[in-house]
Amino acid sequence: MKIGLDLDGCLYNFEDSLREFLRSEDYPEGLMTEPQRWSFHDDWGLSYEEFRDACNEGVDEGYVFSCGEPYEGVQEGVRRIKEMGHSIHIITARAYGSPGMAQLNTARWLAAYGIEYDTLTFSHDKTVVQTDVMLEDNIGNYEALEAAGTIAVLMDRPWNRGTPEDYRRTRVLSMDHFVELIEEMHD
């Protein structure tokens, strides 16, 4: 099968990398709480413009998309999926920073952690690469993937919970849980 993986919120902790950059800029630590919603910048006391500027600067200075460890189980999980004979297609938006910097930081991070993939695509549209199964953390992307005929799987995060309908979506709690789901489909 062609397995699609989103990075931010699924394999990579974007918030931690932004937090590291803001620390380097002496931003108040106490404001950088754990994200509970998609627009967590509001909780951090940042306007959207300040958030966007911090992301752009953080990418260009080598923090955002390049520092921080993968979520637990990611390296082993990707390796197991590859060993089953499936291809890995990373599809991520990452539209911050000077031209090419997000892509460079991303490729370096993936290489540094030995995360294998067959294709790496930068797009807000997660349906741009036809996948059989896609791991995603954004409900809007999840719905678009389903509409395109992909088996969408939601990585459980605080920002994609809320309504009873949200819990009816196929979701996993970790990369290990996602790999178990792929193993069941593989059998």
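Suppose we look only past 23 Å in the calculated P(r) of the stretch 20-126. What percent of the Cα-Cα pairs does that tail hold?
Tail fraction, whole percent: 37.
Which whole-number percent gives the relative contact order of the chain, counting Cα pairs below 8 Å spaced six or more residues apart?
Result for the chain is 28 percent.
Among Met101, Pro35, Val78, whose Cα lies farthest out toward the positive end of the dipole of the chain, if unit charges sit on the beta carbon of Lys, Arg (+1) and Asp, Glu (-1)?
Val78
Angle check, please: helix 48-60 long axis (alpha carbons) against the longest principal axis of the chain (alpha carbons), in degrees 0 to 90, nearest 10.
So the helix axis and the longest Cα principal axis differ by about 80 degrees.
How big, on average over all directions, is the shadow cast by the Cα convex hull of the chain, in nm²?
Averaging across all directions leaves 10.4 nm² for the Cα convex hull.
Given points 7 Å out from each Cα along the Cα-Cβ axis, report the Gln36 to Leu173 separation in nanometres with one decimal.
It is 2.1 nm.
Pop out the ³J(HN,Hα) list for the stretch 73-84 in order, Karplus 6.51 cos²θ - 1.76 cosθ + 1.60 with θ = phi - 60°, rounded to Hz; leave Gly and Pro as x.
In residue order, the calculated couplings are x, 5, 4, 5, x, 5, 4, 5, 4, 4, 5, 6 Hz.
Evaluated at 10 °C with a viscosity of 1.306 mPa s, what Stokes-Einstein diffusion coefficient in µm²/s does the stretch 70-154 have when Rh comes from the Kirkwood expression over alpha-carbon pairs?
Value of D from the Cα-based Kirkwood radius: 115 µm²/s.
Sort 146-153, 132-139 for me by packing, meaning the mean count of neighbouring Cβ atoms within 10 Å per residue, highest on top.
Ranked from most to least packed, the peptides come out as 132-139, 146-153.
Nearest 500 deg cm²/dmol is fine: what mean residue ellipticity at 222 nm does the chain get from its DSSP H runs of n ≥ 4 alone, each adding -39,500 (n - 2.57), divided by its residue count?
It comes out at -11500 deg cm²/dmol, rounded to the nearest 500.
Ratio of the stretch 111-150's C-alpha Rg to 2.2 N^0.38 Å, to two decimals?
Its radius of gyration relative to the 2.2 N^0.38 Å reference: 1.28.
Over the stretch 132-172, with every protein chain in place, what whole percent of the accessible area is carbon and sulfur at 1.4 Å, could you tell me?
Its accessible area is 47 percent carbon and sulfur atoms.
From the backbone phi of the stretch 62-70, what are the Karplus-calculated ³J(HN,Hα) couplings (6.51 cos²θ - 1.76 cosθ + 1.60, θ = phi - 60°) in whole Hz, Gly and Pro given as x?
x, 9, 6, 6, 9, 10, x, 7, x
What number comes out for accessible area per residue over the stretch 71-132 if the probe is 1.4 Å? Units Å², please.
49
Measuring from the lowest to the highest alpha carbon on each principal axis, how far does the stretch 113-187 reach, largest first, in angstroms?
Principal-axis extents of the stretch 113-187 (Cα, largest first): 36, 27, 26 Å.
Could you work out the local net charge near Asn56, counting Lys and Arg as +1, Asp and Glu as -1, over the other residues with Cβ closer than 12 Å to its Cβ?
Residues near Asn56 contribute -4 overall.
Select from Phe122, Phe14, Phe65 the residue whose mean-square fluctuation is largest in a Gaussian network model of the chain (Cα-Cα springs shorter than 10 Å).
Phe122
The values are calculated or read from the model by the stated rules, or taken from the named source; none is laboratory data. As the structure is a computational prediction, the values presented were derived from the model and not from experiment. FYI the Cβ positions are ideal-geometry reconstructions off the backbone, even for glycines, and counts take in every protein chain you see. With ligands, DNA and RNA removed, areas are computed over all heavy atoms of the protein, side chains included. Shrake-Rupley method; radii C 1.70, N 1.55, O 1.52, S 1.80 Å.
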